[in-house]
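Enquirer: One structure follows; several queries about it will come next.
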């Protein structure tokens, strides 16, 4: 029996019939205590669900569903290292990565906590060496630029966090500029290589398998650039300008990076859950080792909350269950992430991967095809900018969209009143938008008289997530909250959030197509692909003839 | 005259010693922590040739005394505090303003920046002849006593006639070699002081930049330098390329002057000079690193000269420190010799195990894979080449001050690298 035939699901379906047609305006009119009832706090985060289309009954029925799906046991399974990723036959132990050193964690008889901290400490030694100006490039210069080459989880998490916490670089550390390169077409890399000095540039090649074509192509180009500029042999360059972060030490060594310049993590660390491991080296380089530890500590705080708080007060559980409510019972399949703080500009892209790669699935853990919706389309943008882009659709389009508004309560405390006023302006906009989305133009006195094209229908549900200030610890907690939300939803939907088989086939097909660019397009390729290949071939031929 | 000197660093002690030697009755007031120290434990005295002897001599004659804060009876109060002690100066002046209501003369030798003396004057009453005069300190480490007692120029920054006359009387004994006795406002004098220091730093920065270019262009910077120096508009002074400059006051002054520009939203030439100088301090390391193809593990490297320049034991901002740090970080065993600065160096590196402090220059090169010449002490200029060849493991010399003759060294079988040649 799939979950959609379970009693708790059916109860929610029945309940939804009574709520579905109720406008948020009515809900707020009926109950002025909604904020007190639906606002929860833990581990730096405050989540206000009162602008969601829920009642107290909804919440209770959702908790019943979670209990029916044995969520508490599944949470325990996650933390204790059970093989929660059955298609790859392994646990998903990102929570172990941020566990304090003193707490042992036995998996298959090994205390992985010791390994984790040994790996982090090795990373810290390298980070210190670079911050002290004692990692030397080929001409003896200290490193000034670090380029993180990685894609997916090896890119989005570190990039998002570096941008969010850039201001936290302590003064005593050497100024290191951290760059990110991911795209296989080389355009990001080419742009960076144009204005940095090769002798003082270090590349971090992050790849779990050390076979990711996107990453290795960029790494090869980077190495070529160094060899050309230095006139030194490739072995020497590989030894002094590259750090490998990988779960495949042998492959990294074969590429040319000696063991001493490798940092390791484990196959039980999923790519999109990996920035808490040495994959986060770019974060430590940008913000300092101490801040990186604080970032882990913040996530650990949320872990403790998630593991111990009752379901009805459990932030990640509530966030997840209300998502389920919107998707499966109110039929909403679009989710916008809207941070009202420019430092969080990469959070939407990060969550796109976290949520959609994890829960964009359509078969159960048992391999049965689903007949209910799972992960919605998720996208986002820094809120104030999105207001000038896609908010029109949120307010007056035909799609129902659920939104997450994310903002720190205070900012710029020691940077003058003008900037503080700017933050307050952003917050005022944040609250205005969520209010308008929920209540529509009923917030005005005479809205009824406005022409149709000026009306705001409202009833778009949203969650507002706030924290006191944005710092390494609060960001760690925020991200851990979303990670756990994703896990909770996967438990309800009975899917595996830790594999990503859907990204595999494309790579193979690309490899087989690559040959056809230079040869005759294969006759068993579909006519569209074949036509496009022939167009490319024609253009190249013309260009070569002219050249 | 009765003079009271306030301060604890080189400038204060040199002023006190020289004024006592000229017959004044001098008291020097430093912080309590220094007052408790025996004289030979005070590094400012130890590091400056002849200063400790002179202080002891003046104390024996009774003309120089160390004192606590309470004594304020003096004809002239001489402030020689550190650049970051302006609050202390303000406190002293507040006390003096009350205690000496009329005819109070304060000489300010502190580098508090442009306009600081005017600000201090505001605490005082000009009508009652409570005046503060700025006399910039021009002393150079290693030649400090001579610089104070026989300067060829003195600048007096004041507009108060009574103060100028009294100050002149005090400095009269030091005017025998004087070429320029300059009078200007204290603000202009403060600006001039920093402008001179900045100019010198820029000259050194420029010749170093030229040397680094010469390195890549197959020309000898020494020849270029001679050519440049022959032009009277350029001249020879402050035109020696090398592995960076150091020193306490020189660096502090240019750093602070550069900040003055930055406060007004301008990036200064000086800022670039300062940051390039920090890079230059690692030049010898870079040459060594390249020579050994990026691998210095387990090498033994000798360093000759650690003080920031010859004639002083001071290692403040010395290029040797950055160099030794870089070597140690690569797992190099460092053997260092310096005629004066080993004590300071030992204090600085007391936790390091991979460094040997050698009292004899030749001990430092035994089994060495390279000799790096950092400070051009006279005793290094004509070493025993044959002994060096015998003792060194690899006869490689990297000369950070261009004191050796390349051809002679290569003839002996050394590999030689200089700066810009």
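The values are calculated or read from the model by the stated rules, or taken from the named source; none is laboratory data. This one's a predicted model, so the numbers in the text were calculated from it and none came from an experiment. Cβ sites come from the backbone with ideal geometry, for glycine too, and all protein chains shown count toward neighbours.
Enquirer: Name the single residue, out of those in the range B:272-284 being without any contact (Cβ under 8 Å) to a residue 60 or more places away in the chain and crowded, with 19+ Cβ neighbours inside 10 Å, that is farthest from the other protein chains (Cβ to nearest Cβ).
Expert: Residue satisfying both the conditions and the ranking: B:281.
Enquirer: Taking the range B:223-260 as the region of interest, how many residues are part of a loop (DSSP other than H, G, I, E, B) and closer than 17 Å to residue B:311 by Cβ?
Expert: Adding up the residues that qualify gives 7.
Enquirer: Check the range A:131-149 and report whether any residue there is out of contact with any helix residue (DSSP H, G or I) (no Cβ under 6 Å at 6 or more places or on another chain) and in a helix (DSSP H, G or I).
Expert: Checking the range A:131-149: at least one residue is out of contact with any helix residue (DSSP H, G or I) (no Cβ under 6 Å at 6 or more places or on another chain) and in a helix (DSSP H, G or I).
Enquirer: Looking only at the range B:13-45, which residues are part of a strand (DSSP E or B) and within 13 Å of residue B:61 (Cβ to Cβ)?
Expert: Hits for the range B:13-45 are B:25, B:26.
Enquirer: Restricting to the range A:364-373, what's the tally of residues that are surrounded by 15 or more Cβ atoms within 10 Å (Cβ to Cβ) and either in contact with a strand residue (DSSP E or B) (Cβ under 7 Å, 6 or more places away or on another chain) or in a helix (DSSP H, G or I) (or both)?
Expert: Selection size over the range A:364-373: 1.
Enquirer: State which residue is surrounded by the most Cβ atoms within 10 Å (Cβ to Cβ) when the search covers only the range A:99-129 and only residues that are within 14 Å of chain B (Cβ to nearest Cβ) and free of Cβ contacts under 8 Å to residues at least 60 places away in the same chain.
Expert: In this case the residue turns out to be A:129.
Enquirer: Within the range A:130-140, take every residue that is more than 25 Å from residue A:290 (Cα to Cα) and at the interface with chain B (Cβ under 7 Å from one of its Cβ atoms) and give me the one that is nearest to the chain's Cα centre (by Cα).
Expert: Out of the qualifying residues, it is A:138.
Enquirer: Within the range B:288-333, track down each residue that is within 14 Å of chain A (Cβ to nearest Cβ) and either in a strand (DSSP E or B) or within 25 Å of the chain's Cα centre (by Cα) (or both).
Expert: Within the range B:288-333, B:301, B:321, B:322, B:323, B:324, B:325, B:326, B:327 meet the criteria.
Enquirer: Among the residues that make up the range A:221-229, is at least one of them within 14 Å of chain B (Cβ to nearest Cβ) and buried (at least 18 other Cβ atoms within 10 Å of the Cβ)?
Expert: Scanning the range A:221-229 turns up at least one residue that is within 14 Å of chain B (Cβ to nearest Cβ) and buried (at least 18 other Cβ atoms within 10 Å of the Cβ).
Enquirer: Given (1) surrounded by fewer than 20 Cβ atoms within 10 Å (Cβ to Cβ); (2) farther than 22 Å from residue A:290 by Cα, where does residue A:145 come up short, assuming only one miss?
Expert: The single condition residue A:145 does not satisfy is (2).
Enquirer: Can I ask one more? Which members of the range B:46-83 meet the condition of being under 17 Å from the mean Cα position of the chain (by Cα) and assigned to a loop (DSSP other than H, G, I, E, B)?
Expert: Listed by number, the residues that qualify are B:48, B:49, B:50, B:80, B:81, B:82, B:83.
Enquirer: Return the total of residues in the range A:390-417 being free of Cβ contacts under 8 Å to residues at least 40 places away in the same chain and outside any loop (DSSP other than H, G, I, E, B).
Expert: Going through the range A:390-417 one residue at a time, the tally reaches 3.
Enquirer: What number of residues in the range A:81-98 are surrounded by fewer than 17 Cβ atoms within 10 Å (Cβ to Cβ) and in contact (Cβ under 8 Å) with a residue 60 or more places away in the chain?
Expert: 3
Enquirer: Let me ask something else about it. Take residue A:246 and tell me if it is more than 14 Å from every other protein chain (Cβ to nearest Cβ), surrounded by 19 or more Cβ atoms within 10 Å (Cβ to Cβ), over 24 Å from residue A:194 (Cβ atoms) and under 28 Å from the mean Cα position of the chain (by Cα).
Expert: yes
Enquirer: Pairs, please: C-beta under 9 Å, at least 6 apart or cross-chain, first residue without any contact (Cβ under 8 Å) to a residue 12 or more places away in the chain and in the range A:3-29, second surrounded by fewer than 18 Cβ atoms within 10 Å (Cβ to Cβ)?
Expert: That search, which allows pairs on different chains as well, returns A:10/A:4; A:18/A:57.
Enquirer: Okay, next question. Filter the range A:374-389 for residues that are part of a loop (DSSP other than H, G, I, E, B) and surrounded by 15 or more Cβ atoms within 10 Å (Cβ to Cβ) and give the result.
Expert: Those that are part of a loop (DSSP other than H, G, I, E, B) and surrounded by 15 or more Cβ atoms within 10 Å (Cβ to Cβ): A:374, A:375, A:376, A:381, A:382, A:387.
Enquirer: Which one of A:414, A:404, A:341, A:368 is under 28 Å from residue A:442 (Cβ atoms) and not assigned by TED's automatic domain parsing to the domain that holds residue A:167?
Expert: A:404
Enquirer: Being assigned to a loop (DSSP other than H, G, I, E, B), surrounded by fewer than 16 Cβ atoms within 10 Å (Cβ to Cβ) and either free of Cβ contacts under 8 Å to residues at least 60 places away in the same chain or not assigned by TED's automatic domain parsing to the domain that holds residue B:293 (or both) is the filter here, so list the residues in the range B:334-375 that pass it.
Expert: The answer is B:350, B:351, B:352, B:353, B:354, B:359, B:360.
Enquirer: Quick one: would you say residue A:284 is more than 22 Å from the chain's Cα centre (by Cα), within 27 Å of residue A:184 (Cβ to Cβ) and in a helix (DSSP H, G or I)?
Expert: no
Enquirer: Among A:465, A:495, which is farther than 30 Å from residue A:342 by Cα and surrounded by 13 or more Cβ atoms within 10 Å (Cβ to Cβ)?
Expert: A:495
Enquirer: Name the one entry in A:378, A:315, A:330 that is touching a strand residue (DSSP E or B) at 6+ places or on another chain (Cβ under 9 Å) and free of Cβ contacts under 8 Å to residues at least 60 places away in the same chain.
Expert: A:378
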